[in-house]
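Report on the following structure.
The values are calculated or read from the model by the stated rules, or taken from the named source; none is laboratory data. For clarity, every value in this text was computed on a predicted model and none was experimentally measured. Cβ placement follows ideal geometry from the backbone for every residue including glycine, while neighbour counts extend to all protein chains displayed. We work out accessible area using only protein heavy atoms, side chains counted, and drop any ligands, DNA or RNA first. Shrake-Rupley method; radii C 1.70, N 1.55, O 1.52, S 1.80 Å.
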Amino acid sequence: MITLGNKNELFLDDTLVDSSEGVIWDVQRPDRHGCVFRYDAPWEGEACTYQTLIQHPETGKIYMYYRGTTVTNNDFSLEQVTCLAVSDDGEHFERVDTGFHNIVLANVVACHNFAPFYDTNPACRENERFKAVGLTQYQDENGKVCEGLVAYTSPDGLKWQLFSEEPVITDGMFDSLNTVFWDSRTQKYRCYSRYWTGEGYSGLRSIQSCESEDFIHWTSQVHNTYNDGEACPYEFYTNATRPIPGAEHQYIAIPMRFAAARKKVESHSHQGVSDCVLLSSRDGYDWVLRDGRPWVYPGLDERQWTQRNFIFGAGIVEKADRFHFYSTEHYCWDDNGLYHYSVPKNRLGYVYGLQGSFVTKPFRLQGTRLTFNYNTSAIGALTVKVLGEDGTPVEGYECTLYGNELACPMELPELEGRTLRLAVMLEDAYLYSIGC
């Protein structure tokens, strides 16, 4: 039984809907705010990327980890370092003085794609609140040099140590930003990593995932599928997968989509162009892939039309009633930097109707109200009617809204615990989410 009133439900899919007429679902495109950080320190350079954003739950500060390197074409170079910058507002980042520039990890291959997170597992030891995975090389039983992921922990996000001497995940090709987090829905750790659909480095770059209860022992990999079991038709270079804040039973991913054979700017030293798409999932395995339009289109800036742009970092920052995201752009140019995007809170997807309607599946009301995140034109409207489980209107529970609000409440004081439906009419109206 679906429950409403105890969490946010974002309209990234039609899971809540029983029937509909004259409506469409789509993703919300973000607002672009420009460059907020240049990778221009002497130990950084044109190949800096693979950023991870962590919003500290106690201080609210935003930790931005990234690869610092002056090396372009050697994923296993020990000249790569892991760097840290911090922000209070998500718009101004300052390098943290660690005693060695702003470097928190060095002299290991893991610096190529070090991917940390703040562990919210209730059973986590306090001196291991920060955890991470990173690239490593090892020899298998036949002496072959292979790739894997090794695990790290830290008490404060500054001083890191190995959690295991041996690689913890070995099934894949891991020269990308492989993301990891504690999943409160499954009560397990999840890691999303890269594999290739062919032998070795052949076929398409694709996304897979595995789970762990202890961060050391991981399950077998499961390849992502799309739109109820289909294979992905695109090459996904990264994944940037995370649960949605306040709706942790729903996940999004923002993979960089790579067109390796194309070259738009002939003067550039490398081949390939890229954009990114927004995916959503309810189980973390099968993902909603819309019509192929990107989440962010490359613009008129020719430096967005070269290889490995739009590498969105893992991590969703919540500030000032908005979700904030950060992307590498101008990769392999002399002004390579971190770019800022955002959407209003919980507006990652929507259902829209010019003259449309839908009826929800039966749900159990938890609490005594629902809130609606919506937007209409000046002459538009969103009308909500409460129905019983059998579709009969519940007298006295109907409202018509117009305007642009993130959480407009509808009080339902006598309906807590009942099984209900909603009939929603949209007249030039967007509905992004239903909350508590």
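Restricting attention to region 395-413 and to residues that are open to solvent by less than 30 Å² (accessible area, probe 1.4 Å) and assigned to a loop (DSSP other than H, G, I, E, B), the residue that is nearest to residue 347 (Cα to Cα) turns out to be 403. Within region 198-213, the set of residues being over 19 Å from residue 313 (Cα atoms) and in contact (Cβ under 8 Å) with a residue 12 or more places away in the chain comprises 200, 201, 204, 210, 211, 212, 213.
Taking the criterion of being hydrophobic (A, V, I, L, M, F, W, C) and under 18 Å from residue 435 (Cβ atoms), the residues of region 337-362 that qualify are 343, 348, 351, 358.
Of all residues in region 319-339, those satisfying the criterion of being part of a strand (DSSP E or B) and either without any contact (Cβ under 8 Å) to a residue 12 or more places away in the chain or over 25 Å from residue 287 (Cα atoms) (or both) are 319, 329, 337, 338, 339.
Could you please let me know if residue 293 is among the charged types (D, E, K, R) and within 19 Å of the chain's Cα centre (by Cα)? The answer is yes for residue 293.
Residues in region 414-428 that are in a loop (DSSP other than H, G, I, E, B) and surrounded by fewer than 18 Cβ atoms within 10 Å (Cβ to Cβ): 414, 416, 417, 418. Residues that are over 15 Å from residue 343 (Cβ atoms), open to solvent by less than 50 Å² (accessible area, probe 1.4 Å) and touching a residue at least 24 places away in the same chain (Cβ under 8 Å) within region 295-317 comprise 298, 304, 306, 307, 308, 309, 310, 311, 313, 314, listed in sequence order.
Restricting attention to region 201-236, the residues that are of a type in the set (Gly, Ala, Ser) and open to solvent by 40 Å² or more (accessible area, probe 1.4 Å) total 5. The set of residues from region 237-258 being open to solvent by 10 Å² or more (accessible area, probe 1.4 Å) and not in a loop (DSSP other than H, G, I, E, B) comprises 242, 243, 248, 249, 257, 258. Selection of region 171-192 for residues being touching a strand residue (DSSP E or B) at 6+ places or on another chain (Cβ under 6 Å) and among the hydroxyl-bearing types (Ser, Thr, Tyr) yields 176, 179, 184, 189, 192.
In this structure, residue 268 does satisfy being assigned to a loop (DSSP other than H, G, I, E, B) and either surrounded by fewer than 21 Cβ atoms within 10 Å (Cβ to Cβ) or out of contact with any Phe, Trp or Tyr (no Cβ under 8 Å at 6 or more places or on another chain) (or both). Being surrounded by 16 or more Cβ atoms within 10 Å (Cβ to Cβ), of a type in the set (S, T, N, Q) and in contact with a helix residue (DSSP H, G or I) (Cβ under 7 Å, 6 or more places away or on another chain) is the filter here; which residues of region 116-138 pass it? Across region 116-138, the qualifying residue is only 136. For region 318-339, the set of residues classified as surrounded by 22 or more Cβ atoms within 10 Å (Cβ to Cβ) and within 24 Å of residue 247 (Cβ to Cβ) consists of 323, 324, 325, 326, 327, listed by residue number.
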